[in-house]
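The values are calculated or read from the model by the stated rules, or taken from the named source; none is laboratory data. As the structure is a computational prediction, the values presented were derived from the model and not from experiment. Positions of Cβ are backbone-derived with ideal geometry, glycine not excepted, and every protein chain shown enters the neighbour counts. To get the accessible areas, we keep the full protein, side chains included, count just its heavy atoms, and leave off ligands, DNA and RNA. Shrake-Rupley method; radii C 1.70, N 1.55, O 1.52, S 1.80 Å.
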Amino acid sequence: MRWKWLFVFYWKRLLKSKLYIGASFSFFLLLAVRFTLFFTDPYNMESYGDIPHEVFMLVQIVSLFYIVWFYLLYSNELRYGVSSWFADGYRILLEKMSALLAVHALYQGIMLMMSCGVFSIVYLFVGVEPSDLYLSLLRFLAVYQFGPLVLTVLYGVIIALLLETKKVSFFAILLVWILTGPMTTELFIDLSKTVHARDWASLLFIGKHAIQRAYDSYIGFEVDRGGEWKWAAWFLSLVGLALLSSIRFTQTRKERNAVLKAFLVFPFLIVLTAYHSLQTNTKAFTRADQTTELEEYRRMPQTIKADLRYRIQSYDLSLHGSRAVVRVALSQLETNRPTFQLYHLYPLHSIEADHQPVKFTRNGDLVTVWLPKRTSTLTFSYEIVDTALIPYTNGRIVLLADRAWYPKKRATHMYRTYEYRVAGTRAWGGAFTDQFFPDETYTFTLNVDGDVLFCNVPKRGTVYRGKAQAVTLIKGQGHQLVDQGYEITYPADWPHMAERAPTVIHQMEKTFRHVQQIASTAVSSLPNKIVFSSFGLSSFLANDHLVYNTNDLYGIDQYIMEQNFYEKILRLSVPPKGSRIMYNEWISLATRWLMQKNDLPVIDWSSKSEWFESQPSSVKKQIEAIYQAFQPLDVDQKQQCLRTWYANMDDGWTWDRIFEMMQEVNGVGGRH
C-alpha cells in the first residue's frame, strides 16, 4: 500500500515539475523542428528510413535535464535523513527508488508511443506503405529512445546516493551525461571506429556505432536482440550500483547482509546479459567491422592458383535458418583438386563427395577440394552468418547474385580492392568481381524456409527451380509491384512507387537503348525483374534481373535526372575493355553524351574520371586534349567517336590514336 502511495506521490511531483515536463515538451518541439528542416531542405534525399536517427541527438539533449531533476529530487529527500526516523527507513528508501523508477518508466512509455505515432503519421503522410516497417520503428525507438531515457533516473539517484548535495555532484552529472549518452560514439568517434560489434568495448556504447544510418534496404532498422541484451546489462549494472551506493543507509546488520547477498547475484546476471549481447549483436551497421573486412581483402593475394577443369550442371540449395547445404552436380571433372569460390567468412563445416567427407583448404574466398577419386557430386555444408558485406539480421538477409553465398566456379575472390588517387590523396576503392556474369547458365533448385521477398528463379510449388547465370535471394522487409511487364522490388521506406515506377522504367529503357548505340552491352535488353535499393547493396545486371542501388542520393524519380544515373547505367551494361583509365575516361565522356542526348541543361565537360589524378602529367595532357576535341562535336559525331573508341579499345589502343580518331570525325563533319 505504501509503495502505491509513493507511486502516486511521485507521479504528481513529475507532472508538476517545470524542469521535467519542459524537457519532455522540448523533445517533441525539437523533433518538429528537425522534421521542418528535413522537408524544407532543397537537397532532401528522401531517405525516410533514416529519419529516426534524429532521436539520438534529442535523447542526448533531454537526458541531461532528466538526470538533473532526479538528482535534485532525491538528494533533497536524503538531505534531511527522513528515512532514518522510521524503523523500516531503509525499506522506505528502496521503495522510493523503485516507485520513482516505475513512474519515470511509465511516462517514458507514453512518450515512446507518442514518438512512434509522430513518425508513423509522417511516414503515412509522405506515402510509405503500411507494413511491419512500423512495428520495426517501434522496436527501434524502444531500444534507442525509451531505453536510454529510462536509465536517467538511475544516474540521478546514484549520484544523489554517493554525493548527496555536494557541489561536485553537478560535475559528476556532466561527466555521466557525456559518457553514457547515445551520442558517445560520435563524440569519441576515433575510438568507436575501432570497436567491433562483438568486442567487449562495444558494451560501453548504449547507442549505435554509426548514428547517421538507422535503416538498411530490406534489412530494416538496426534492432536486434544484441541491443536489447545490452540495455538489460546496463540496467542491471546501474540497479546493482544503486543498491551498493545505498548500503550506508542501512540501519541494521541484517539489512546490510541482505543487500550484500542480493548484490552478489548481479555480477552473474550482468555477465550473462553482456555475453548474450555480444553473441547476438549485429555487425551489419558498424564502422569497424566493415573496415576490418575490407582490410582483410586488401591483404589477400589477388592471384591464386586455381583449378577450374570441371563443369557444373546444377545446384540444389537448401537454406533452413542459418544452415546452408548445397549439392553441386558436376557434368565433367578433369581434376582431383577443383577450386570453388565461397565467401570466406562463412564457416564451412564439411564437404562430401558421393556422401563421403573429403579434405579441403581455404585461401580467402577460394576453396580447394582434395578428392581421392573422381566424383559426380559435391555437397557443401556451411553456416550463413552476419557480416559487413552480407548482413543477416532478425532472419532478414540479402543474398545477391554477385556474391559468393554459394560455391561458384571462379578463380578470384568475391571482392577486390584497388588503389587510386583523388587530388593527389591516396584512396581505396572496391567492387564485387561478379558484376558481369559468364554466359553459362545452370539449373538451380532452392528449398528455403520463411517468407521470400524476391528470387530471380521462378517458384514451382514449394521450391524455386529454373535456369539462371546466378541467384539472388532476398528474405527481408520490402514491397513489390508489377508495371509495364516489369516485376519491381523496392525497400519498405520508399513512398509512392506505383506513381514513380513508370517514369523510372521509361527512362531506364530509353537510356539502355542509347547505350546500345555506342557499345555492345552485357545483355540484349533490360530484364523484367528489377530490385531497387537505397543503401548497402551493390548494382549489377544479369540476363534475368537487375539490382540497382541509388546510393540514397535522391528519391528514385528525381534520381533519374542526375549524372550518376547515366554513369551507373553505363557501368552496369558495358563490360570493361582496355586499360582501367581508358575505360573510365570513355565512361566519363559517354555519360556526358547521354546527358546531352537527354537535354540536360548543365553538363560539366571539364570533369574527368576518378583515375585521372593518378596519371602522369604527359597522360593528363593527352586526356585533356581529348576532352577539348570531344566537346565541340555534335551529338551524332560524339556517338560515332564513342562507338569507334569502344569497339577498338584494347591494350594497344593509345590516347594519340583516340585523338586522331576524333579529329577525323570532326573533319568528316566539316567542322574545321
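Brief remarks follow.
- For the chain, the longest principal axis of the alpha carbon atoms and the long axis of helix 655-668 meet at an angle near 60°.
- Translational diffusion of the stretch 1-151, estimated by Stokes-Einstein from the Kirkwood radius over alpha carbon pairs at 25 °C in a medium of 0.890 mPa s, is 141 µm² per second.
- At a probe radius of 1.4 angstrom, the accessible area of the chain per residue rounds to 44 square angstrom.
- Largest accessible area first, the residues 113, 662 order themselves as 113, 662 under a 1.4 Å probe with ligands, DNA and RNA left out.
- Solution diffusion estimate, µm²/s, Stokes-Einstein, the stretch 106-258, Kirkwood Rh from C-alpha pairs, 4 °C, viscosity 1.567 mPa s: 73
- Taking θ as phi - 60° and the Karplus parameters 6.51, -1.76 and 1.60, the scalar couplings of the stretch 4-14 work out to 4, 5, 5, 4, 5, 4, 5, 5, 5, 4, 5 Hz in sequence order, x denoting glycine and proline.
- Counted over all Cα-Cα pairs of the stretch 269-342, pairs farther apart than 19 Å make up 66 percent.
- With Cα atoms, 0 to 90° folded angle of helix 635-648 axis to the chain main axis: 80
- Pairs of alpha carbons in the stretch 269-410 separated by more than 27 Å make up 29% of all such pairs.
- Computed with the Debye formula from one identical point scatterer per Cα of the chain, without solvent, the log10 of I(q)/I(0) at q = 0.07, 0.09, 0.11 Å⁻¹ comes to -0.60, -0.90, -1.18.
- The stretch 113-184: translational diffusion in µm²/s, Stokes-Einstein, Kirkwood Rh over Cα pairs, 4 °C, 1.567 mPa s: 89
- Helical content of the chain, expressed as a calculated mean residue ellipticity at 222 nm, amounts to -15000 deg cm²/dmol (DSSP H runs of 4 or more residues, -39,500 (n - 2.57) each, divided by residue number, nearest 500).
- Evaluated at q = 0.12, 0.18 Å⁻¹, the base-10 log of the normalised Debye intensity for the stretch 440-598, with identical point scatterers placed on the Cα atoms, takes the values -0.56, -1.17.
- Only protein heavy atoms count here; under a 1.4 Å probe, residue 107 has an accessible surface of about 40 Å².
- Here the 3J(HN,Hα) profile of the stretch 131-147, calculated from phi with Karplus coefficients 6.51, -1.76 and 1.60 at θ = phi - 60°, is 6, 6, 4, 5, 5, 5, 4, 4, 5, 4, 5, 5, 6, 9, 10, 4, x Hz, Gly and Pro shown as x.
- For residue 330, residues with placed amide H under 5 Å, excluding near neighbours: 313, 377, 378
- Taking amide H as placed 1.01 Å from N in the peptide plane, the amide H of residue 414 sits under 5 Å from that of 365, each at least 5 places away or on another chain.
- Order by protection proxy (mean Cβ within 10 Å, highest first), peptides 56-66, 442-452, 408-418: 56-66, 408-418, 442-452
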